[in-house]
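The values are calculated or read from the model by the stated rules, or taken from the named source; none is laboratory data. Please read these numbers as outputs of a predicted model, since none were measured by experiment. Glycine also receives a Cβ, built like all others from the backbone with ideal geometry; neighbour counts cover every protein chain displayed.
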Amino acid sequence: MEVSYNALRLHPKDNVAVALQYIGKGETVLISNFGEDLIATEEISYGHKISIQAIKENEEITKYGECMGKATEEIPLAAHVHVHNVRGLNENERADIIHHMMKT
Amino acid sequence: MTKFYGYRRPDGSIGIRNHVIVINTVGNLSALTRKVAGLVPGVIPVIHHGGESQFPEDYVQTLRTLVGTAGHSNVSAALVIGMEDDRIAQEIEAALIEKGKPVRTICLNCNLTIQEMVKEGKSWLSAALENSKKETREQCDITELIVGLECGGSDAWSGITANPSIGAFSDMIVHEGGTSVLAETTEAIGAEHILASNAINHEVGREFLTIVRNYDRRIKETGEDIRSANPTPGNMAGGLTTLEEKSLGCIKKGGSTPLREVISYSEMPSEKGFVFMDTPGYDVESVCGLAAGGAQIVLFSTGKGSPTGSPIVPVIKIGTNPKVYEIMSEHIDINAGKIIDENKSIKDIGKEIFDKVIDVSNGEKTAAENQLNQEFAIWRLAESI
């Protein structure tokens, strides 16, 4: 069966979707498990991420429903989300997560 | 309950293969071991390069791995090639005798010429192989199966296709009373809180966090930082951005049932259900530990087509994307890439993996077995003395 979408949102909490094929700048992004279509503001390579919400600086990037890092700058809607605008968590942030988990 | 046909051993364990093996106790007997194995077609050489000049922590780990390998339920009989007064050989022999498994040790420098050693080895192996052919399979419950969960050569699709499908399989086998063992401590760093919060109780959760912290500490002691080495440049080109993202994808193999136990490298689980084994991320050493700890099969997801197999357990390869399956189908058993381009669901592929595990348990050969991929390496903790 021919698929009609070219990106996939993995979890309802996610603010990014994964490109199922190369998506050119200006191309329509049809996202599986997400209500609205977007127009890509940048090119998105196969397997790379696109923002499906505007994301503020220092806001968490959520994939699989979990925090996978933080935005290092403001990321507009339908932009490429990768190492140039996201960082992994630092040691203190990691320790906080574990500490919080152990309390609950 | 799902059934399969396996070999019931005198100690009650169930094998899904009936290998006759030759195993060396120390690295300098490698060539001799390979030579003896080569004289009897069908016999499998299990060769390693440790066993001598090791710190106690490595000696204990090497010994546990060799005993677990030679005594494995997939092994019908084992010939041990050792040295004079060889403690490793004595320990392997004692463990196998206790299990009621046929074992013979031939030692170098024990009043035999090399020629006599080789002749004696060949004659014992020929008889053991003949005996193994008389052993037959009988019906067994799926609760007897221990399946290792592994990945190697991850890509951005690992966490989306193959790993969650392995997770769906893990949930299925655990619900039927079987056991799945997730490995690779390094691959959980950054997502350890999720597995820990999924533990059956606080104690198991804390044990899991401890092995992750210890591994992280050992890496830091060498002056390296896992966070600067991961994701690798190859991972990043594929779309993985952070260590957390890679690890979140990795732990998907564990599915959603509670983590019941945390075990050491090459240690046998004492619980049924979902278990974690402390292993390195290097796939050959990790598969070796899973097998020595009693897993009869290992599931292995790969985005880049790692050919890693095992001398004693079938390794089922699951490709993460359509391309890797297309170009490396002789290495890969299942194409989870169908989730990307054929609209298959994670549940569909999970069921396909489940059916394949039962077929392989009944004797169907995996791609790695057909290719004779028999990698074997024991995780080293320290340098040689």
Looking at A:47, A:26, A:65, which one is touching a strand residue (DSSP E or B) at 6+ places or on another chain (Cβ under 8 Å), among the small types (Gly, Ala, Ser) and at pLDDT 95 or above?
A:26
In the set B:159, B:177, B:152, which member is more than 20 Å from residue B:262 (Cα to Cα), in contact (Cβ under 8 Å) with a residue 60 or more places away in the chain, more than 14 Å from chain A (Cβ to nearest Cβ) and of a type outside the set (S, T, N, Q)?
B:152
Is one or more of the residues making up region B:193-204 at the interface with chain A (Cβ under 9 Å from one of its Cβ atoms), more than 30 Å from residue B:343 (Cα to Cα) and buried (at least 20 other Cβ atoms within 10 Å of the Cβ)?
yes
Before we move on, is residue B:322 surrounded by fewer than 24 Cβ atoms within 10 Å (Cβ to Cβ), without any contact (Cβ under 8 Å) to a residue 40 or more places away in the chain and in contact with a strand residue (DSSP E or B) (Cβ under 9 Å, 6 or more places away or on another chain)?
yes
Identify, from the list B:78, B:94, the residue that is outside the structural domain of residue B:292 (by TED's automatic domain parsing) and without any contact (Cβ under 8 Å) to a residue 12 or more places away in the chain.
B:94
The strands (runs of 3 or more DSSP E) lying entirely within region A:1-78 that contain at least 3 residues which are within 14 Å of the chain's Cα centre (by Cα) and within 11 Å of another protein chain (Cβ to nearest Cβ) are A:16-19, A:60-63, A:66-71
Any idea which residue in region B:339-351 is nearest to residue A:4 (Cα to Cα), counting only those that are more than 14 Å from chain A (Cβ to nearest Cβ) and surrounded by 19 or more Cβ atoms within 10 Å (Cβ to Cβ)?
B:349
Please go through region B:135-156 and give me each residue that is in contact with a Phe, Trp or Tyr (Cβ under 9 Å, 6 or more places away or on another chain), in a loop (DSSP other than H, G, I, E, B) and surrounded by 22 or more Cβ atoms within 10 Å (Cβ to Cβ), ordered by number.
B:145, B:152, B:156
Condition check for residue B:303: crowded, with 24+ Cβ neighbours inside 10 Å and either under 17 Å from residue B:190 (Cβ atoms) or within 14 Å of chain A (Cβ to nearest Cβ) (or both):
yes
List pairs: first residue in region A:24-47 and among the acidic types (Asp, Glu), second residue part of a loop (DSSP other than H, G, I, E, B) anywhere in the structure, Cβ distance under 6 angstrom, at least six positions apart or on different chains.
A:27/A:40; A:37/A:30; A:42/A:25; A:42/A:79; A:43/A:24; A:43/A:25
Kindly establish whether residue A:92 is in contact with a Lys or Arg (Cβ under 7 Å, 6 or more places away or on another chain), more than 9 Å from chain B (Cβ to nearest Cβ) and either hydroxyl-bearing (Ser, Thr, Tyr) or surrounded by fewer than 17 Cβ atoms within 10 Å (Cβ to Cβ) (or both).
no
Among the listed residues B:210, B:185, B:222, identify the single one that is buried (at least 21 other Cβ atoms within 10 Å of the Cβ) and assigned by TED's automatic domain parsing to the domain that holds residue B:147.
B:185
